[in-house]
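Read the structure below first, then the notes.
No value in this document is a laboratory result; all are computed from the given coordinates. A quick note: this is a predicted structure, and the numbers were derived from the prediction, not measured. For neighbour counting, all protein chains shown are included, and Cβ atoms are generated from backbone atoms with ideal geometry for every residue, glycine included.
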Amino acid sequence: MPEINTELNTVKELVEKVLSRNVATRSNDTKLYLECCKELGCKTMKDIERMNLSIITVHKLRQVIQNKEGHYNPAKEVLAIREKRHVSIREYMVRVGN
């Protein structure tokens, strides 16, 4: 278990570093992922494949940093879109569950 904690803490530090430096990555997970890969030295698609950095992990850590910790928030427009989608999904789940 300590290996997982170390790995996730290290990736979280990477994500925080990129979010702090590049405002555009705060609103776009694809840009965030690519900038994280660049930060790790990736220059080609082959480098990204070998890096073994999960876009899902980057996405989830971005959610923690922004939603739970309240740091490096996205643009207001993106927040509004995310909130609207969250409400739509919740409403759908209520309908399907009944």
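Scanning for something over 11 Å from the mean Cα position of the chain (by Cα), of a type in the set (A, V, I, L, M, F, W, C), assigned to a helix (DSSP H, G or I) and over 20 Å from Glu83 (Cβ atoms), does region 54-64 turn up at least one residue? Checking region 54-64: not a single residue is over 11 Å from the mean Cα position of the chain (by Cα), of a type in the set (A, V, I, L, M, F, W, C), assigned to a helix (DSSP H, G or I) and over 20 Å from Glu83 (Cβ atoms). Assessment of region 81-98 against the conditions (in contact (Cβ under 8 Å) with a residue 12 or more places away in the chain and either surrounded by fewer than 12 Cβ atoms within 10 Å (Cβ to Cβ) or closer than 24 Å to Lys12 by Cβ (or both)) yields no matching residue.
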